[in-house]
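Notes to accompany the following structure.
The values are calculated or read from the model by the stated rules, or taken from the named source; none is laboratory data. Because the structure is a prediction, the values reported are computed rather than measured. Because the Cβ atoms are built from the backbone with ideal geometry, glycine has one as well, and the counts that use them run over all protein chains shown.
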Amino acid sequence: MPENPDLAPASPASPVPALTRRAAVAGAGAAALGIGLLAAGCVTGGSGSTGGDSRGGGVGGGAPPAHSTTLGPASSVPVGSAVVFADENVIVTQPTAGTYQGLSATCPHESCTVTDVQGAVLVCPCHGSVFGLEGQLLKGPATGGLKPVKVTVSGGLITRG
């Protein structure tokens, strides 16, 4: 059997190998890396902006949360335009009077947060992809549209979920 450089005999009388410093350091480094990746996967954020030139990265693709979240008043979404609720990673559009649609604010190109509303189009600030009020791709470099997110309007409030 070939010798493993990471194992050394515990003592001349004991055939059970002991852990070397090299193996212990390698194991600790792997554990720290795993914890860091786990923590990074759990972080989400939002800029609190409802438009402008904020460039948020995005995780999540518009899947609704397990609970309902009130986004804001329906009156805040102009007919023929949209409002970005960056803290919830949602864009709410009102293509025609009384018709509201929720979209993920995560651009399918490189996961930037779409924050720029220019009338009836939504523009990703990172690379300029342009989307219509129903999430359809109008101009790349993205190759697909924004994903739908379930929103409802009740009592004058927009709710996600």
Quiz item: In the range 129-158, how many are farther than 26 Å from Pro73 by Cα, out of contact with any Lys or Arg (no Cβ under 9 Å at 6 or more places or on another chain) and among the hydroxyl-bearing types (Ser, Thr, Tyr)?
Solution: 1
Exercise. Kindly state which strands (runs of 3 or more DSSP E) lie completely within the range 117-158 and contain at least 3 residues that are on the phi > 0 side of the Ramachandran plot and not aliphatic (A, V, I, L, M).
Key: none
Exercise. Select, from Thr96, Thr106, the only residue that is of a type outside the set (D, E, K, R), out of contact with any Phe, Trp or Tyr (no Cβ under 9 Å at 6 or more places or on another chain) and over 19 Å from Ser75 (Cα atoms).
Key: Thr106
Exercise. Restrict the check to the range 91-104 and report whether at least one residue is over 16 Å from Val151 (Cα atoms) and part of a loop (DSSP other than H, G, I, E, B).
Key: no
Quiz item: Is there a residue being in a helix (DSSP H, G or I) and closer than 21 Å to Gly161 by Cβ anywhere in the range 66-75?
Solution: yes
Self-check item: the range 49-103 - residue that is acidic (Asp, Glu) and surrounded by 13 or more Cβ atoms within 10 Å (Cβ to Cβ) and, of those, modelled with the highest pLDDT
Solution: Glu88
Quiz item: Applying the selection to the range 120-161, what residues are in contact with a Leu (Cβ under 9 Å, 6 or more places away or on another chain), free of Cβ contacts under 8 Å to residues at least 12 places away in the same chain and of a type in the set (Lys, Arg)?
Solution: none
